[in-house]
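The values are calculated or read from the model by the stated rules, or taken from the named source; none is laboratory data. Please read all numbers here as calculations on a predicted model, not as lab measurements. Neighbour counts run over all protein chains shown; Cβ positions are idealised from the backbone, glycine included. Remember, those area values only see protein heavy atoms, side chains included, never the ligands or the DNA or RNA. Shrake-Rupley method; radii C 1.70, N 1.55, O 1.52, S 1.80 Å.
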Amino acid sequence: MTSAATRQRLVRRLADEGIRDPRVLAAIGEVPRHRFVDEALSSRAYEDSALPIGRGQTISQPFVVALMTEAVLSAVRPSRVLEIGTGSGYQAAVLAQVADRVFTTERIGELLRTARQRFHELGLHNILTRHVDGLAGWPGQAPFDAIVVTAGGEIPSALFAQLADGGVLVGPEQHGAHQELIRVTRSGDDFEREQLGAVTFVPLRQGLE
Ligand code: SAH
């Protein structure tokens with residue numbers, strides 16, 4: 001139930017649902033999602049659904065992870081990617097297959113410790129982690145070719161300022177009770193905004209736990 005064959009079924013399903021980029025499909029085929037959830041849930045790891053990871057948070061649905069990864073690959077191949085909301089570490093592990101380095105931030109220390117352990121066990125050495133409130137981004141490592149926000153809310157302007165020229169930011173923006181996945185592409189001082197569809201993420205919160 002956690003084999004490479006099961007994972008390939010998920011890859012085919014995502015392709016059927018419209019994920020086209022072969023780099024994204026290969027990355028989903030590569031990363032063992034069952035290692036990013038509790039053992040009790042591992043038999044459900046290759047369903048296309050979000051699952052609880054503790055502390056009221058969730059590992060994102062594979063389709064959404066694939067969609068966001070595809071969206072950041074729309075420009076040039078990103079060398080440096082910043083993620084806000086490490087959670088289980090799954091999205092970071094997928095990004096680590098398609099970028100040179102991933103910088104990921106999480107505000108809940110307990111979740112970050114577990115994610116770090118997974119990166120270590122899986123030999124994902126191109127992921128750097130930080131226990132911080134990601135609303136401020138990671139100024140010391142900016143600029144980034146891509147920024148992926150994996151919790152919903154008002155996307156802080158500090159993040160847009162840390163985008164490299166030509167870089168893209170993808171994340172869920174809160175509009176009343178609804179969230180919309182947006183992609184913002186920077187060209188100089190211009191920020192072009194596109195809407196990619198309705199999504200549901202846990203909320204962005206302030207401060208550390
Ligand atoms: N990318 C994750 C999704 C986890 S859910 C995965 O693949 O599993 C979103 C995560 O964002 C949660 O773990 C939550 O604690 C975290 N989060 C929310 N607000 C944050 C903030 N301001 N800074 C950093 N992380 C935040």
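Quick notes
- Approximating the spin labels as points 7 Å out from Cα along Cα→Cβ, the residue 194-to-residue 208 distance works out to 3.7 nm.
- For region 1-80 versus region 83-153, the gap between their alpha-carbon centres in whole angstrom: 16
- Relative to its Kirkwood radius, the Cα radius of gyration of region 124-209 gives an Rg/Rh of 0.97.
- Using θ = phi - 60° in the Karplus curve 6.51 cos²θ - 1.76 cosθ + 1.60, the 3J(HN,Hα) couplings for region 192-199 round to 8, 10, 10, 9, 10, x, 7, 9 Hz; x is entered for Gly and Pro.
- Between the amide H of residue 147 and those of 82, 168, 169, 170, distances stay under 5 Å, these residues lying 5 or more places away or on another chain, with hydrogens modeled in the peptide plane.
- Computed from backbone phi with θ = phi - 60° and the Karplus coefficients 6.51, -1.76 and 1.60, the 3J(HN,Hα) list for region 146-160 is 8, 10, 10, 9, 10, 9, x, x, 8, 6, x, 5, 4, 6, 4 Hz; x is used for glycine and proline.
- Compared with the dominant principal axis of the Cα atoms in the chain, helix 109-121 is inclined by about 60°.
- Using θ = phi - 60° and Karplus 6.51 cos²θ - 1.76 cosθ + 1.60, couplings along region 46-61 (whole Hz; Gly, Pro as x): 9, 7, 8, 9, 6, 9, x, 10, x, 6, x, 9, 9, 7, 5, 5
- Annotation: amide H of residue 128 within the under-5 Å range of 102, 103, 104, sequence separation 5 or more or interchain, hydrogens built in the peptide plane.
- In Å², nearest 10: area of residue 25 left accessible to a 1.4 Å probe: 30
- Other residues within the sphere of radius under 12 Å centred on the Cβ of residue 13, judged by their own Cβ, net out at -1 (K and R +1, D and E -1).
- Net length available on complete extension from residue 158 to residue 110 is 14.7 nm, with 0.36 nm assigned per residue and the Cα-Cα distance removed.
- The residues of the chain expose, per residue, 45 Å² of accessible area to a 1.4 Å probe.
- Calculated SAXS-style log₁₀ I(q)/I(0) at q = 0.14, 0.15, 0.19, 0.21 Å⁻¹ - region 52-209, Debye, Cα scatterers: -0.61, -0.71, -1.20, -1.51
- Taking the 1.4 Å solvent-accessible surface of the chain as the whole, the part contributed by carbon and sulfur is 48%.
- For the peptides 101-107, 26-32, 188-194, 8-14, the ranking by packing is 101-107, 26-32, 8-14, 188-194, with the highest mean count of neighbouring Cβ atoms within 10 Å listed first.
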